[in-house]
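Below is one structure, written out as structure tokens; the observations come after it.
The values are calculated or read from the model by the stated rules, or taken from the named source; none is laboratory data. Keep in mind it's a predicted model, so treat the numbers as computed, not measured. Positions of Cβ are backbone-derived with ideal geometry, glycine not excepted, and every protein chain shown enters the neighbour counts. For accessibility, only protein heavy atoms count, side chains too; no ligands or nucleic acids. Shrake-Rupley method; radii C 1.70, N 1.55, O 1.52, S 1.80 Å.
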Amino acid sequence: MPAGTSPQQKLTRNRSRLGHKIGYALRHPGRVPPYLRRAARDAWLRWQHRQDHVGYYRAVMASDTRRSPEAAVGSQTHDRWLALGKMQFDYLLEHGLRPSHRMLDIGCGNLRGGWWFIDYLDAGNYYGIDISPDILIAAKKTLTERGLQDKLPHLTLTGDLTLDFLPGDYFDVVHAHSVFSHSPLPVIEECLSHVGRVLTKDGFFDFTFDRTEGAEHQVLREDFYYRTETLLRLARKHGLHARFMDDWEKRPHGQSKIRVSRSPLPESAG
């Protein structure tokens with residue numbers, strides 16, 4: 001963040017406002033041409049996929065994956081890709097993940113975190129879903145490179161987050177890293193209204209999001225910023241227990257995390 005910017009200022013910043021964009025451009029002139037190219041591309045893709053955010057973002061992922069699958073999931077270097085994947089894995093390990101658990105990874109991407117989970121879980125216990133066929137092809141490449149074929153992971157393309165093709169009362173852990181940060185509220189609500197069906201009674205669903213304590217906003221319909229209470233309230237609307245996970249804030253990651261479950265969460269969970 002710029003010198004003199006406090007964490008609170010960062011959380012109340014509205015990145016969609018013209019004043020913020022001008023200030024950012026003045027501080028980072030070299031980033032202006034790439035931003036303009038991305039804005040033009042996104043405007044064209046939004047026009048092609050009017051009223052269909054999933055179709056729009058699938059097209060964004062196809063374009064980004066052609067350049068670099070690791071950058072497409074938000075990692076600009078291979079070292080950062082490895083570090084973020086391990087961060088996801090270490091966190092769930094600290095929160096009781098066991099090899100016998102059945103895990104659903106929503107927005108599994110090219111297995112940045114997924115390959116750690118696949119390697120740890122018992123064979124057949126990892127289910128990764130994504131809206132992008134291009135990134136799932138990259139996921140299969142990761143699987144091969146890591147020599148994890150014998151773990152028999154499930155990698156499935158999906159067109160929505162109703163999870164209707166999955167069994168009920170089945171998953172001990174559901175995970176969505178950097179999914180809701182790219183999703184409008186109707187997509188998030190679709191997921192929260194159905195995830196309880198696939199969770200076991202004692203299972204939980206962790207998701208990250210871009211947090212703001214100011215006005216909720218979006219940038220290029222790619223990045224969405226929500227207040228914590230908005231998402232807690234949405235989960236509770238659908239009969240889920242929900243908690244902001246304070247301990248995730250200690251990690252060097254720009255997003256925040258919420259955990260939801262069918263049953264009350266234990267006091268030690270966050």
*Rg and Dmax of the range 135-191, using alpha carbons, in Å: what are they?*
13.8, 38
_Separation of the residue 244 and residue 230 label points, Cα + 7 Å toward Cβ, nm_ = 1.4 nm
*In percent, how large is the relative contact order of the chain, given Cα pairs closer than 8 Å and 6 or more residues apart?*
16 percent
*Work out from phi, with θ = phi - 60° and the Karplus expression 6.51 cos²θ - 1.76 cosθ + 1.60, the ³J(HN,Hα) of each residue of the range 32-44, listed in order in whole Hz, and give x for Gly and Pro.*
5, x, x, 5, 5, 5, 5, 4, 5, 4, 5, 4, 5
*State log₁₀ I(q)/I(0) for the chain at q = 0.11, 0.17 Å⁻¹ as given by the Debye formula over alpha-carbon point scatterers of equal weight, solvent excluded.*
-0.62, -1.56
*Rounded to whole Hz and in sequence order, give me ³J(HN,Hα) for the range 47-55 from the Karplus expression 6.51 cos²θ - 1.76 cosθ + 1.60, θ = phi - 60°, writing x for Gly and Pro.*
5, 6, 10, 4, 6, 9, 5, 4, x
_Label point distance in nm, residue 35-residue 150, each placed 7 Å from Cα along Cα→Cβ_ = 5.0 nm
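Which of rounded, prolate, oblate describes the range 76-200, given a ≥ b ≥ c as roots of the alpha-carbon gyration tensor eigenvalues and a/c under 1.5 marking rounded, otherwise prolate only if a/b is larger than b/c? Numbers along the way, then the final one.
Working: a/c = 1.45, a/b = 1.22, b/c = 1.19.
It comes out rounded by the Cα gyration axes.
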*asked:* Keeping every protein chain present and rolling a 1.4 Å probe, give me the accessible area per residue for the chain in Å².
replied: 48 Å²
*asked:* Per residue of the range 221-237, what does 6.51 cos²θ - 1.76 cosθ + 1.60 with θ = phi - 60° give for ³J(HN,Hα)? Whole Hz please, x for Gly and Pro, Karplus curve as stated.
replied: 6, 9, 10, 10, 10, 10, 6, 4, 5, 4, 6, 4, 5, 5, 5, 5, 4
*Cross-chain or 8 or more residues apart, Cα under 15 Å: how many lysine pairs in the chain fit that? Count them up, please.*
4
*Of 256, 170, 205, which is farthest on the positive side of the dipole of the chain, counting Cα position, with +1 on Lys and Arg Cβ, -1 on Asp and Glu Cβ, and the Cα centre as origin?*
256
*Kindly provide the chymotrypsin sites (Phe, Trp or Tyr not before Pro) of the range 180-224 that DSSP labels as loop, not H, G, I, E or B, and whose Cβ sees at most 11 other Cβ atoms within 10 Å.*
none
_residue 122-residue 48 pseudo-label distance in nm [points 7 Å out on the Cα-to-Cβ vector]_ = 4.4 nm
*For the range 120-242, give the percent of accessible area contributed by carbon and sulfur heavy atoms, probe 1.4 Å, rounded to a whole number.*
51 percent
*asked:* Just want to confirm a number: the relative contact order over the range 78-203, from Cα pairs under 8 angstrom separated by 6+ residues, in percent.
replied: 26 percent
